[in-house]
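Step one of this worksheet: look at the structure below.
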Amino acid sequence: MRDKIHKWIVTSILTTLCLPIFGTFLYSISSKWTNTLLPQGITLKWYLEIFKNDMFLNAVKKSFWLCSISLIFIGIILVPTVFVATYYFKKMEKIMNILVLVCFAIPGAVAVVGLIKLYSNEPFRLVGTIYILMGVYFVMTYPFVYRGIKNSLDGLNIRELIESANILGAPTKIAFFRIIVPNISKGLSVSMLLTFSMLFGEFLLVNMLVGGKFQTVQMYINSIRGGYSGHYSSALVVTYFMILLMLTTLAFYLGEKNNRR
């Protein structure tokens with residue numbers, strides 16, 4: 001009986017969450033929908049217009065490029081840093097955990113105001129450039145990427161692995177790249193993909209720090225609020241949602257595959 005109640009509750013919640021998405025999708029494929037309960041015609045014209053729109057395609061490319069470069073930069077810095085803290089300097093882990101709390105404690109809007117004042121004048125005039133976005137993305141994603149790397153390292157006995165490699169003649173640096181990195185790659189890729197989907201949907205930071213100088217997908221969606229058909233806007237929102245859904249699904253798939261191993 002309880003299982004049936006739980007199933008009904010879960011089904012009701014999922015239905016409530018999916019109804020707006022389904023309604024938006026239905027409107028995006030309708031040719032006309034004015035005074036009737038159901039669309040008066042079905043068409044894929046609005047989706048074809050989206051993928052023919054150079055502004056949208058450029059916005060997607062810029063978003064993927066910015067998120068990818070930022071995450072590569074984050075991975076290159078954090079992976080060896082967390083390894084060194086875990087293997088050599090255990091006391092540094094307390095400091096890194098405090099930084100995780102600090103990143104969560106300071107709201108994004110508050111941090112942006114401080115960053116604008118700090119980096120809007122010489123010698124660090126970075127406001128309006130993508131470089132400040134990369135730095136802010138590093139701070140935003142630090143807690144998530146750090147926990148992903150740390151959890152993967154905690155699942156390994158890195159001291160025994162490194163010492164065994166040293167006994168066999170491999171220096172610590174080689175052991176790190178040949179043994180440690182491949183063993184944490186799955187956990188790292190999951191945290192990176194989830195973080196990628198979060199950065200892909202970021203609007204506040206891009207809008208306040210860069211504005212229209214670097215148009216990401218969210219900036220493009222915000223720019224078409226007027227002057228475009230509601231069907232086109234709905235198709236754009238559904239497309240954006242599907243991109244995020246695919247990224248998140250891939251991350252969960254990799255995570256489940258990693259857990260089974």
*asked:* I'm trying to understand the selection: among the residues of segment 155-172, which are open to solvent by 30 Å² or more (accessible area, probe 1.4 Å) and in a helix (DSSP H, G or I)?
replied: Arg159, Glu160, Leu161, Glu163, Ser164, Asn166, Ile167, Thr172
*Does segment 173-220 hold any residues that are of a type in the set (Val, Ile, Thr), touching a residue at least 24 places away in the same chain (Cβ under 8 Å) and part of a helix (DSSP H, G or I), and which are they?*
Ile180, Val181, Ile184, Val190, Thr195, Val206, Val217
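Restricting to segment 204-254, name every residue that is of a type in the set (Gly, Ala, Ser) and either at pLDDT 75 or above or open to solvent by less than 20 Å² (accessible area, probe 1.4 Å) (or both). Step through it out loud before you land on a result.
Taking segment 204-254 and keeping what is of a type in the set (Gly, Ala, Ser), we get 211-212, 223, 226-227, 229-230, 233-235, 251.
Scanning segment 204-254 gives Gly211, Ser223, Gly230, Ser233, Ser234, Ala235, Ala251.
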*Would you kindly identify the helices (runs of 4 or more DSSP H) lying entirely within segment 1-120 that contain at least 1 residues that are open to solvent by 100 Å² or more (accessible area, probe 1.4 Å) and either touching a residue at least 40 places away in the same chain (Cβ under 8 Å) or over 30 Å from Val237 (Cβ atoms) (or both)?*
2-28, 54-87, 92-105, 108-118
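Output the residue which, of all residues in segment 132-143 that are without any contact (Cβ under 8 Å) to a residue 60 or more places away in the chain and in contact with a Phe, Trp or Tyr (Cβ under 9 Å, 6 or more places away or on another chain), is surrounded by the fewest Cβ atoms within 10 Å (Cβ to Cβ).
Of the residues in segment 132-143, the ones without any contact (Cβ under 8 Å) to a residue 60 or more places away in the chain are 135, 139, 143.
Still in the running and in contact with a Phe, Trp or Tyr (Cβ under 9 Å, 6 or more places away or on another chain): 135, 143.
On the way: Gly135: 16, Pro143: 18.
Out of the qualifying residues, it is Gly135.
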*asked:* Checking the structure you have, find out if any residue of segment 144-154 is at pLDDT 85 or above, open to solvent by 20 Å² or more (accessible area, probe 1.4 Å), within 14 Å of the chain's Cα centre (by Cα) and on the phi < 0 side of the Ramachandran plot.
replied: yes
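Taking the condition exposed (fewer than 15 other Cβ atoms within 10 Å of the Cβ), at negative phi and out of contact with any Gly (no Cβ under 7 Å at 6 or more places or on another chain), does Leu126 pass?
no
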*Residue check, Ala175 against (1) open to solvent by less than 10 Å² (accessible area, probe 1.4 Å); (2) closer than 20 Å to Ile72 by Cβ, all met but one. Which one?*
(2)
*Which of (1) on the phi < 0 side of the Ramachandran plot; (2) without any contact (Cβ under 8 Å) to a residue 24 or more places away in the chain; (3) not charged (D, E, K, R) does Gly169 not meet, given it meets every other one?*
(1)
*Which condition number does Ser164 fail, the rest of (1) in contact (Cβ under 8 Å) with a residue 12 or more places away in the chain; (2) over 24 Å from Met246 (Cα atoms); (3) hydroxyl-bearing (Ser, Thr, Tyr) being met?*
(1)
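The values are calculated or read from the model by the stated rules, or taken from the named source; none is laboratory data. Every value quoted in this text rests on a predicted model; they were computed, and no experiment measured them. Quick reminder, even Gly has a Cβ in these numbers, built from the backbone with ideal geometry, and neighbours come from all protein chains shown. Accessible surface areas use protein heavy atoms only, side chains included; no ligands, DNA or RNA. Shrake-Rupley method; radii C 1.70, N 1.55, O 1.52, S 1.80 Å.
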